[in-house]
Amino acid sequence: MSNNIVVAIDGYSSCGKSTLAKALAKKLHYIYVDSGAMYRAVALYFLRNNIDTQNHAQIEEALKNIHLNFHSRDYETHITLNGEEVSEEIRQMPVSEKVSEVSAVKEVRREMVKQQQRMGQSKNIVMDGRDIGTAVFPDAPVKIFMTADPAVRAQRRYDEIHLKNPEVTLEEIFENIAHRDYQDTTREESPLIRAHDAIILDNTDLTPDEQLQFALDKVEKLGV
Ligand code: DC
């Protein structure tokens, strides 16, 4: 198997990128990196420390004080923020509501992209996010751009989190997804956009197994 292969998976919020990326990494024996978890951890730091996303000096200072680390166990993402495990907390609504604003900040993106590129230097890696095939690894040999019907995405997300968070409604989730789609695609810095050489995967009517097979076929076709 060749070395330093990057599989870049981008797409809208809650359309199953991480499910696919994890399954693919497992099959290929690659490392899985959830780049969204990094933006979420930064958003958590900003929330906790009242960082103003308009205040560039404060942002630069905050970024110097943020240390992120991944610990992959069974292809599940465990991320630490300054040594504290925050994997659960970054999935809660306060962070979900803040993260688009934080991930639109130029300084934040510059720093995260730098760290992500470093991770891709020495490893076979599957990374999912919004700008992986465009900004982080524009030369990735395999790029997949995922999409799905917003109502289906909201329902999946609801099914996933309502047992743990029974107070969250389907409507709130739908609105959060629509809001993030809008922010992700219209921000100035690295907006969510399909790389010209990315394969589109619409999984509205696909099971996780079917989408994995779709991606594996593409990867195998490229002889990776
Ligand atoms: O994939 P996710 O929903 O956990 O991502 C959280 C947020 O981070 C999402 O609103 C967009 C942003 N993000 C980004 O701007 N660039 C990435 N590479 C990954 C995520």
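The values are calculated or read from the model by the stated rules, or taken from the named source; none is laboratory data. Computed from a predicted structure; not experimentally measured. Note: accessible area is taken over every heavy atom of the protein model, side chains too, but ligands, DNA and RNA are not part of it. Shrake-Rupley method; radii C 1.70, N 1.55, O 1.52, S 1.80 Å.
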What is the antiparallel percent of DSSP beta bridges lying wholly in the range 1-139, to the nearest 5? 45 percent
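Filter K143/K221; K27/K123; K106/K218; K26/K218; K22/K164 down to the pairs with a C-alpha to C-alpha distance above 24 Å, please.
Beyond 24 Å: K106/K218.
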Heavy atoms only, probe 1.4 Å: what % of the accessible area of the range 129-184 goes to carbon and sulfur, would you let me know? 56 percent
List the aspartates and glutamates whose alpha-carbon lies under 14 Å from that of K114, not counting same-chain residues fewer than 8 positions away? D131
With a 1.4 angstrom probe the carbon and sulfur portion of accessible area for the range 1-93, in percent, totals 45 percent
By how many nm would the segment from E220 to E85 lengthen if fully extended, with 0.36 nm per residue of separation less the alpha-carbon distance? 45.0 nm
Rolling a 1.4 angstrom probe over the protein heavy atoms, how many square angstrom per residue are accessible across the range 1-148? 43 Å²
In square angstrom, what is the accessible area per residue of the range 176-224 with a 1.4 angstrom probe? 61 Å²
Relative contact order for the range 1-155: what percent, with Cα pairs under 8 Å and sequence separation of 6 or more? 46 percent
Here the range 101-109 yields Karplus 3J(HN,Hα) values (6.51, -1.76, 1.60; θ = phi - 60°; whole Hz; Gly and Pro given as x) of 4, 5, 6, 8, 7, 3, 5, 5, 4
